[in-house]
Amino acid sequence: MIRQLLLSQPLIFLAFSLWAQPCYDISGWDIPAQISFDDNNNLMVTGFTDGGLLFLRTSLFGETLAQKAIPLEGQPFGNSIVEAGENNYLIGGEGYLYGEPGQNRPFLLKVDSAGNVLWRRDFLPVTEGEGKTIARHILRNTQQQAVYLATTDTVWMIGYDGATLAHISAQEMGLPGFHSLDMVFTDEGPCVLAAATASAYRLLRFDEELQFLGGSSLITSFYSYGQVQSFYAVSDGNFLIGGQAHTDYRWKIIKVDGQGSTLWERTYSFPNYSWGYPNEVEAYEDGFLIAGSLAKITPYGFCPVLVKIDANGSPKWLQQVSDCGTNNGLDGLAIHPSIDNLIVVAGRMECSSGNDIDAYITIVGPTPTIILADEEANEPASFIAFPNPAGGPVQALLPDNGPWELSLFDAGGQLALQTRVHGKSHTLDTSPLPPGIYLLRAANGRQLFSRRLVIGGQNH
């Protein structure tokens, strides 16, 4: 049974500290689709721009390494990006060639670190005039130097050189036709979430050689299979599926086991927000983080938000990441694999008075904007570090007496300094550290604050 979860209790408002880079104005409307880390802790983003396919690379703390609108025919949209060997990247996406056979054309694109195209591989329809879609994520198999991708009726393993290493069709699996929605890795290998209708879905499981291990049917109800936005493999062998509810387009998350049985199903309502899109799900602490967009009721606009839910799907808090706007949104989420609580999101917003939408990347601290509580905080919490840039001692001013754990990470994500602090201020000696961009983090087990710190002032 669907539980309607309405957060109607008194609210507590807490301030959060985030690090944000300026918007990336690449080419007109710049809309990211996915953000992820490469092997050197840099960030990779792909998506859509007016001038072609969006390609963006930055350092961990936002220095631009490359940005480009890759010109391709039609209206290309990059769904997913992975590293493919040193200084090379593979992007899975779709192009729209209106009025031509196979107008919805999936492709795999290999580019270098500057976004220059090395090769393109198209996946044409089996039947003339039949459109194909591509699953939202491509997955990397580093051992075989290949990626997995799924199109309508077919799942592929393609080498870094563009060669087909393996593929399997719906007919070979003994299944009717399907639309591939998303793909995740499990302990066995890739698993594809596929759909025939808005209520009939399948989990298709494969080993790493792309041998079909079997499929499980599941019955659920989203607005349409095209509005299923997120798919996540839980470590216990289960899966989370997110999209829009069938009746009112609100956020909906379903947890199913490997046999397709529903474990729980939730639709969500939040104060002053209505419908929206849960675009990405990641495991976080004892539950999950959902990155997406919600329409605000008053004043109307789309708001980029993070929502924390527990293991049973109950909402714990909501954090509005940036301002609301007519076309604003939160599209991608990446949690660093080794730096605790380092959460990076990618979205789009109106950064100037013009009509264009620009992409942005933000590091956020997991501190709620709205949580269930019985009182309202009178003063916002704050965390200040100065001077910045620094050439020696750095003074950290903390919200309360703590205890706090101060951690300083370099641009490669390595821990440079760490200390435990009792009191509202502490001095860090950064003079032994090499110049560069660092992330200073303050955590007390309940709140986390992050500040970008430049080390390399006149004392060095």
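Numbers for the structure displayed
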| item | result |
| --- | --- |
| Within the stretch 26-56, considering residues that are touching a Phe, Trp or Tyr at 6+ places or on another chain (Cβ under 7 Å) and of a type in the set (S, T, Y), the one farthest from L333 (Cα to Cα) | T49 |
| Sole residue being within 26 Å of P271 (Cβ to Cβ) and at pLDDT below 90, chosen from T247, T220 | T247 |
| Unique match (being over 25 Å from L440 (Cβ atoms) and either part of a loop (DSSP other than H, G, I, E, B) or not assigned by TED's automatic domain parsing to the domain that holds D187 (or both)) among S338, S322, S352, S269 | S352 |
| Failed item in (1) buried (at least 20 other Cβ atoms within 10 Å of the Cβ); (2) farther than 13 Å from L440 by Cα; (3) at pLDDT 80 or above, with P368 passing the rest | (3) |
| So E285, is it in contact with a Leu (Cβ under 7 Å, 6 or more places away or on another chain) and either acidic (D, E) or surrounded by fewer than 14 Cβ atoms within 10 Å (Cβ to Cβ) (or both) | no |
| Every pair of residues 6+ apart whose Cβ atoms lie under 7 Å, when the first sits in the stretch 275-291 and is under 16 Å from P304 (Cα atoms) and touching a residue at least 12 places away in the same chain (Cβ under 8 Å) while the second is among the charged types (D, E, K, R) and not in a strand (DSSP E or B) | W275/D248; W275/R250 |
| Listing of strands (runs of 3 or more DSSP E) fully contained in the stretch 143-225 that carry 2 or more residues being within 26 Å of R121 (Cα to Cα), in the same structural domain as W264 (by TED's automatic domain parsing) and under 22 Å from the mean Cα position of the chain (by Cα) | 146-151, 179-185, 190-195 |
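The values are calculated or read from the model by the stated rules, or taken from the named source; none is laboratory data. Everything quoted here is computed from the prediction, not taken from an experiment. All Cβ positions, even for glycine, are placed from backbone atoms using ideal geometry, and neighbour counts span all protein chains on display.
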